[in-house]
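**Q** To start, I am sharing the structure in question, which I have written as structure tokens.
The values are calculated or read from the model by the stated rules, or taken from the named source; none is laboratory data. All figures in this text were calculated on a predicted structure; none of them were measured in a lab. Ideal geometry is used to build each Cβ from the backbone, glycine not excepted, and the neighbour counts take in all protein chains shown. Remember, those area values only see protein heavy atoms, side chains included, never the ligands or the DNA or RNA. Shrake-Rupley method; radii C 1.70, N 1.55, O 1.52, S 1.80 Å.
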Amino acid sequence: MRLARSFPDHTISREALEARYEKAIKGDDFGERYFIIEERSSGKPIGWTSLDIHRWTRRATGADIGLAIGDKNHWKKGYGTEAVRLLLQEAFEQLNLHRLTWWTFAENEASLALAKKMGFREEGRTRDSVFFDNQYHDSVILGLLKEEYETWKNASPLPQSRSSASGRKGGGHDRRHN
């Protein structure tokens, strides 16, 4: 949660979290889509990913993405890459969005590396915008446009990994990445 939310004081109760997921599971909110990342061999949940679709205009044109792999034993094994690849397909090929935004904090090297590997470009930083571990940290915003995704996808197709982004909705959410 520390890396995913970047706002430790923003934690919510278990009941509130369960209510949020029940709403997502029912499909009551088009704008919030949560997916569980499962280990293929066991079906064990190992993380989550999400799309928070912007609703500033009548037509959905963009979204923030979120990702977290909770168990460190599953880090650096391709699960995040595969989950983001599937999320990009959902966003650009199914929902026909124009752009995606990826927020993280400046010290989260794994998140920054994954975002850049997946074609995102750094667009800016907000100085001292989050507070955790008893200090302020900069936030980094990265973006990916649909045409950049199409170019990237055609130039570097990714192999399948051992994870899957389950069609079951649920899991944690914020625009921060692990």
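**Q** Just to verify a number: FRET efficiency for Lys72 and Asp138, C-beta to C-beta distance, R0 = 35 Å, to 0.05?
**A** The computed FRET efficiency comes out at 0.90.
**Q** Further, regarding this structure: Just order 62-70, 120-128, 88-96, 75-83 by mean Cβ neighbour count inside 10 Å, highest at the front, would you?
**A** Taking the mean over residues of other Cβ atoms within 10 Å, the ranking is 62-70, 75-83, 88-96, 120-128.
**Q** Under a point spin-label approximation (7 Å from Cα along Cα-to-Cβ), what is the Ala16-Asn154 distance to one decimal in nm?
**A** Each label point is offset 7 Å from its Cα along the Cβ direction, giving 4.6 nm.
**Q** Now a separate question. Arg127 to Leu95: extension gain in nm, 0.36 nm per residue of separation minus the Cα-Cα distance?
**A** Between Arg127 and Leu95, full extension yields an extra 8.3 nm.
**Q** Give a residue-ordered list of calculated ³J(HN,Hα) values for the range 33-49 (Karplus: 6.51 cos²θ - 1.76 cosθ + 1.60, θ = phi - 60°; whole Hz; x for Gly, Pro).
**A** The phi angles translate into 10, 10, 9, 8, 8, 10, 6, 4, 5, 10, x, 6, x, 10, x, 8, 8 Hz.
**Q** Moving on to the next point. Would you grab the residues whose amide H sits under 5 Å from the one on Phe105? Only those 5+ places off in sequence or on another chain, please, with H modelled 1.01 Å from N.
**A** Val140, His177
**Q** Also: Would you please state the base-10 log of I(q)/I(0) at q = 0.13, 0.20 1/Å for the range 18-148, with intensities from the Debye formula using one equal scatterer on every alpha carbon?
**A** Each listed q maps to, in turn, -0.60, -1.32.
**Q** Using 0.36 nm per residue, how much length does the chain from Glu147 to Thr61 gain when fully extended, once their Cα-Cα distance is taken away?
**A** Residue separation times 0.36 nm, minus the Cα-Cα distance, leaves 29.6 nm.
**Q** For the range 87-104, what does the Karplus curve 6.51 cos²θ - 1.76 cosθ + 1.60, with θ = phi - 60°, yield as ³J(HN,Hα) per residue in whole Hz, taken in order and with x for Gly and Pro?
**A** The phi angles translate into 5, 5, 4, 4, 5, 8, 8, 9, 8, 6, 6, 8, 8, 10, 10, 10, 9, 7 Hz.
**Q** Next question, about the same structure. Any of Lys26/Lys153; Lys72/Lys153; Lys116/Lys146; Lys26/Lys76 with alpha carbons more than 21 Å apart? Name them for me.
**A** Lys26/Lys153; Lys72/Lys153; Lys26/Lys76
**Q** With each pseudo-label sitting 7 Å past Cα toward Cβ, what's the Glu32-His54 distance in nm, one decimal?
**A** 2.0 nm
**Q** Let me ask you something else. Using a 1.4 Å probe on the protein heavy atoms only, what accessible surface does Arg20 show? Give it in Å² to the nearest 10.
**A** Arg20 exposes around 70 Å² with every protein chain in place.
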